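Right, one structure below, let's go through it.
Read-outs: derived from the displayed coordinates by stated rules, not from any lab. Treat the numbers as computed from the prediction; the structure is a model and nothing was measured. Backbone-built Cβ (ideal geometry, glycine too); neighbour counts: all protein chains shown.
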Amino acid sequence: MSISILDSIKSVERQYLTGEEPVLVMCSDKNAYICKYMRSSFVAFKLACELIGAQMAMVWHLNTPEIAFVRIRPSHWSKGSNVALSIGSRKMEGVVDITPSTNREVKASTKTLTQLLKIALFDFWMANEDRNANNANLLYDVERESLVSIDYGCIFNTATFDFPLSQLTSTDTILYSDLFQYLIQNKSLASLQAMAKPLKAYYLACINRSRQLSMQVIKAMPNDWNVPSVIVGNKINQLFESEWVDGVWHNFTECLTENLVK
C-alpha cells in the first residue's frame with residue numbers, strides 16, 4: 001500500500017461548512033483534494049479513522065475517492081502554523097451529492113441496490129455511525145451509475161478507541177434512509193433476501209483481504225498525528241474477532257428485514 005504525499009500549489013480555494021471544516025486544495029499532481037487536517041488530539045484519531053476507512057473501502061472494492069497525504073504550505077491558508085500532514089480525498093467530477101432531494105437522480109436498478117447493500121454491510125462491519133437517513137455520505141456518479149462512498153471519520157463508533165465495538169441499530173444506518181426505500185420499491189422480502197444471500201461470501205472474502213492490509217495501514221499513519229499505533233492496532237483487531245464478524249452479519253440481515261417497510 002502506497003499513499004502519495006502531495007504539496008499544495010495555490011491558496012486554499014474553499015472551506016466547507018461541515019463539522020470537520022475540510023478545505024479544498026489544488027495539489028502538486030494537478031488534482032484538487034478535499035482535505036481534513038489536525039485541529040486537536042481527538043481530531044487526530046478521526047484522521048486515523050479516515051485513513052483506515054478509506055483503505056478498507058478500497059479493499060472491499062467500493063467506489064471511493066483516491067486519498068493522499070497533503071502538505072498545505074503555510075502561505076496557502078490562514079492556519080499556517082499547522083504543520084501536520086492533512087489527509088485529502090480527491091475531488092471527483094460528474095457526481096451528485098446524495099440528499100433527500102437528489103435521491104431520484106440515482107437510477108433505481110439491481111446494480112445500484114447491490115452497491116448500497118455492500119456499502120451498508122461495510123458500515124456495519126466498521127461501526128460507521130455517520131452514514132444514516134439524515135446524512136448519506138454518498139455521491140452518485142451519473143455516467144457510471146455508481147454510488148460513491150465518502151467520509152470515514154466516524155467509523156469505530158465515532159472514533160471511540162477506549163471501548164469495544166458496538167453494533168449499529170437498525171435506525172442508525174443507510175438502510176433506514178429514503179434512498180434505500182426508493183431502491184427497493186416493489187421488492188418482496190424474499191427477493192431482497194435472495195439478493196443479500198451472495199453477499200455472505202463477498203463479506204468473508206473482504207474480511208480476509210482487510211486482515212492482510214491492517215498492519216500496512218498502521219505503518220502508513222503519519223508520525224506527526226501522534227496516534228499510538230498500539231491503540232489503533234488493538235481497535236483494528238476487534239474487527240476480525242469471530243464474535244464481531246458473525247454478529248455483524250446477523251445484525252445486517254436483521255436490519256434488512258426491519259427496514260423493508262419502515
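List of remarks:
- Each Cα pair under 8 Å and six or more residues apart adds its separation to the average, and for segment 142-251 the resulting relative contact order is 33 percent.
- Sorted by Cβ density within 10 Å, fewest first, the residues Cys49, Cys27: Cys27, Cys49
- Length-normalised contact order for segment 89-186 - Cα pairs under 8 Å, 6+ apart - percent: 36 percent
- Label zone at Lys91 (point 7 Å along Cα-to-Cβ), backbone N below 17 Å, segment 115-156: 139-140, 151
- Entry note, the chain: relative contact order of 20 percent, from Cα contacts under 8 Å with a spacing of 6+ residues.
- Rounded tilt (10° steps) of 229-238 against the dominant C-alpha axis of the chain: 10 degrees
- HN-Hα J in Hz across segment 177-186 - Karplus 6.51, -1.76, 1.60, θ = phi - 60°, x for Gly and Pro: 8, 5, 4, 4, 4, 5, 6, 9, 3, 6
- Distances between placed amide hydrogens fall under 5 Å for Ser146 paired with Asp141, all partners being 5 or more residues away or on another chain.
- What the phi angles of segment 90-106 give under the Karplus curve with 6.51, -1.76 and 1.60, with θ = phi - 60°, is a coupling list of 4, 5, 9, 9, x, 10, 10, 6, 6, 9, x, 7, 10, 3, 6, 7, 7 Hz, glycine and proline written as x.
- Residues Val70, Val95, arranged from fewest to most other Cβ atoms within 10 angstrom of their Cβ, appear as Val95, Val70.
- Amide hydrogen proximity for Asn63: with H placed 1.01 Å from N in the peptide plane, the residues at 5 or more positions away or on another chain lying under 5 Å are Ser149.
- Across the chain, the longest piece that holds none of the GluC sites (Glu not before Pro) lying in DSSP loops with up to 16 other C-beta atoms within 10 Å covers 146-240.
- Stretched out straight at 0.36 nm per residue, the stretch from Ser2 to Thr171 would grow longer than its current Cα-Cα span by 57.2 nm.
- Straightening the chain between Thr18 and Gln238 buys 76.2 nm, computed as 0.36 nm per residue apart minus the Cα-Cα spacing.
- Extended-chain gain in nm, criterion 0.36 nm per residue less alpha-carbon gap, Lys197 and Asp178: 4.6 nm
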